[in-house]
1. Being in a strand (DSSP E or B), touching a Phe, Trp or Tyr at 6+ places or on another chain (Cβ under 6 Å) and either modelled with pLDDT of 85 or more or over 30 Å from Thr309 (Cα atoms) (or both) is true for just one of Ala159, Ala196, Ala177. Which residue is that?
2. Any idea which residue in the range 369-426 is surrounded by the fewest Cβ atoms within 10 Å (Cβ to Cβ), counting only those that are touching a strand residue (DSSP E or B) at 6+ places or on another chain (Cβ under 7 Å) and part of a helix (DSSP H, G or I)?
3. Applying the selection to the range 322-350, what residues are touching a residue at least 40 places away in the same chain (Cβ under 8 Å) and farther than 29 Å from Met489 by Cβ?
4. What about Leu168, is it at pLDDT 90 or above and within 30 Å of Thr309 (Cβ to Cβ)?
5. Can you find even one residue in the range 442-450 that is touching a Phe, Trp or Tyr at 6+ places or on another chain (Cβ under 7 Å), buried (at least 18 other Cβ atoms within 10 Å of the Cβ), touching a residue at least 60 places away in the same chain (Cβ under 8 Å) and not β-branched (Val, Ile, Thr)?
6. Please give the strands (runs of 3 or more DSSP E) falling wholly within the range 1-77 in which 2 or more residues are among the small types (Gly, Ala, Ser).
7. When you go through Asp382, Asp416, Asp408, Asp423 one by one, which is the residue that is of a type in the set (Asp, Glu), in contact with a Phe, Trp or Tyr (Cβ under 7 Å, 6 or more places away or on another chain) and free of Cβ contacts under 8 Å to residues at least 60 places away in the same chain?
8. Go through (1) assigned to a helix (DSSP H, G or I); (2) within 30 Å of Val267 (Cβ to Cβ) for Thr444 and report which single condition fails.
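The values are calculated or read from the model by the stated rules, or taken from the named source; none is laboratory data. Since the structure is predicted, the reported quantities are computational estimates derived from the model, not experimental observations. Every residue, glycine as well, gets a Cβ built from its backbone with ideal geometry; the counts of neighbours run over all protein chains shown.
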Amino acid sequence: MATEIKAPTFPESVAEGSVAAWHKKPGDSVERDELIVEIETDKVVLEVVAPEAGTLSEVLAEEGDTVQSEQVLGRIGEGGAKGDEKKSEKKNDKAGAQAEQKSEAKKSEAKAEPESAPAAGGQSHEVKAPTFPESIQEGTVATWHKKVGEAVKRDEVLADIETDKVVLEVVAPADGAIAEIKAEEGSQVASEAVLAIFTEGAGGADTAADETPAASADDGASDEKVGDKILAPAARKLVAEHDLDVNKIEGTGKGGRILKEDVQRAVNEGSAKKAAKPAAAPKQAAAAAPVVEGERPEKRVPMSRLRQTIAKRLVQAQQTAAMLTTYNEVDMGAVMELRSQYKDTFLKAHDVKLGFMGFFVKAASEALKRFPDVNASIDGTDIVYHGYQDIGVAVSTDRGLVVPVLRDTDSMKIADVEKGIVDFGKRARDGKLGIDEMQGGTFTITNGGIFGSLMSTPILNPPQTAILGMHKIQERPMAVNGKVEIRPMMYLALSYDHRMIDGKDAVQFLVTLKELLEDPARLLLDI
């Protein structure tokens, strides 16, 4: 009995996802809980594992297709690798005998009627545009990556379809070649419109088989051909973003397929960077108008779903909220002294470094209890007051900014906060954060100081009504008890929704943070 492979249950904030990469093909054996397909949403990449052991019998949602929550992606049939191998051997023996008979018949037909038989090719397919969601009416054929008659591999990109929200890739349904292009670059196409006619086994694939070994060895094309490498969609985006040489990346997927993990490994190791081109020799200046020398490279990379969502939410926050920012500064001397005194003991006791974020999260939790308006959110015409403190911590990754949430921070110890932040940072960079870990949150803290920012205006994270911005610690001359002293100072910025929070409450919230951080004993004494 076949077992259905379903997409994960998406939360309410995620409407749909797209099939990023199939790690198995129909006929492949799979083990229970083995990674079989990746679903990319606007927030995170979700991994779908095999619910049962067996053989992938059917794929219902191809790579690039848009899928809904719990949609059936494919089916797994009964049977394992050994049974399949035996069946395959029998089929191959029969197929071999039939192929020899057909080959002889074709040769005789070709001699008799050379004009009527096609030069190459097998079954023809219609290459169609992906199924667009309801919010997208049409797309534009941005680029054809292959020409008519050019040999292509299965799953190799044929064309890019650009919509007003995302760039969709159209891949080859099998090994073969394009027989006819029906939608040229720049033309508008509707959902599932026919873009081209594709013929299996046509094009350069047959020609390559007829080449002599000496010819293929001499031309050296195999070392230069990027088309020989098959990339999963998620991997292809990473390659474009980091401008890598795919010939230097070793694929660990089926048939040498390059997966997202392979590209990420190459990025971390720095082993796939493109060789720097030699600088052009300097030329003497001419008497005529100056001419720009050297290369002026540009590259166009489509926005990822995460980057598009970030852009949409940031613009939405500024358009829908009456956003205002108030500033203050805090003397970090007391926290720095406490951290310096106990950092070694803290590390031995809790196996995590003592940072500044733990103090800020605990201070913010206390201040949020005293000013519930800052901890509230707006839902239409209702105000939702939260009787708990769930603080989101902004984490920067190569894919964009994500905000995982620390739950019930009021009951957490500083060591728990530091461990949670370290774990979030590591998993965010590896793309392993779950959707549920980035949902909710009643307040957000962002730290631009780690990048050297001295002052900034953070943007709200809807439906939250306030966000705290931390900045660089800078030594400045300050008046202390009538004397000028050099003190480690940090600017704090609180952006808030003026529809919900009055200026008085926002300023007093920031002053409370300042007092708690300049005298950390207040956190212990609850004063």
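1. Numbers: Ala196 fails: touching a Phe, Trp or Tyr at 6+ places or on another chain (Cβ under 6 Å); Ala177 fails: touching a Phe, Trp or Tyr at 6+ places or on another chain (Cβ under 6 Å).
One residue alone meets the criteria, Ala159.
2. Applying the filter and picking the extreme gives Gly425.
3. Restricting attention to the range 322-350, the residues satisfying the condition of being touching a residue at least 40 places away in the same chain (Cβ under 8 Å) are 322-336, 338, 346, 349-350.
Result: Ala322, Ala349.
4. On the way: at pLDDT 90 or above: no; within 30 Å of Thr309 (Cβ to Cβ): yes.
Considered against the rule, which asks whether it is at pLDDT 90 or above and within 30 Å of Thr309 (Cβ to Cβ), Leu168 comes out as no.
5. There is no residue in the range 442-450 that is touching a Phe, Trp or Tyr at 6+ places or on another chain (Cβ under 7 Å), buried (at least 18 other Cβ atoms within 10 Å of the Cβ), touching a residue at least 60 places away in the same chain (Cβ under 8 Å) and not β-branched (Val, Ile, Thr).
6. Details: elements: 3-6, 17-22, 35-40, 45-49, 54-59, 72-77.
Of the strands (runs of 3 or more DSSP E) lying wholly inside the range 1-77, those with at least 2 residues that are among the small types (Gly, Ala, Ser) span 17-22, 54-59, 72-77.
7. Details: Asp382 fails: in contact with a Phe, Trp or Tyr (Cβ under 7 Å, 6 or more places away or on another chain); Asp416 fails: in contact with a Phe, Trp or Tyr (Cβ under 7 Å, 6 or more places away or on another chain); Asp423 fails: in contact with a Phe, Trp or Tyr (Cβ under 7 Å, 6 or more places away or on another chain).
After applying the criteria, what remains is Asp408.
8. Condition (1) is where Thr444 drops out.
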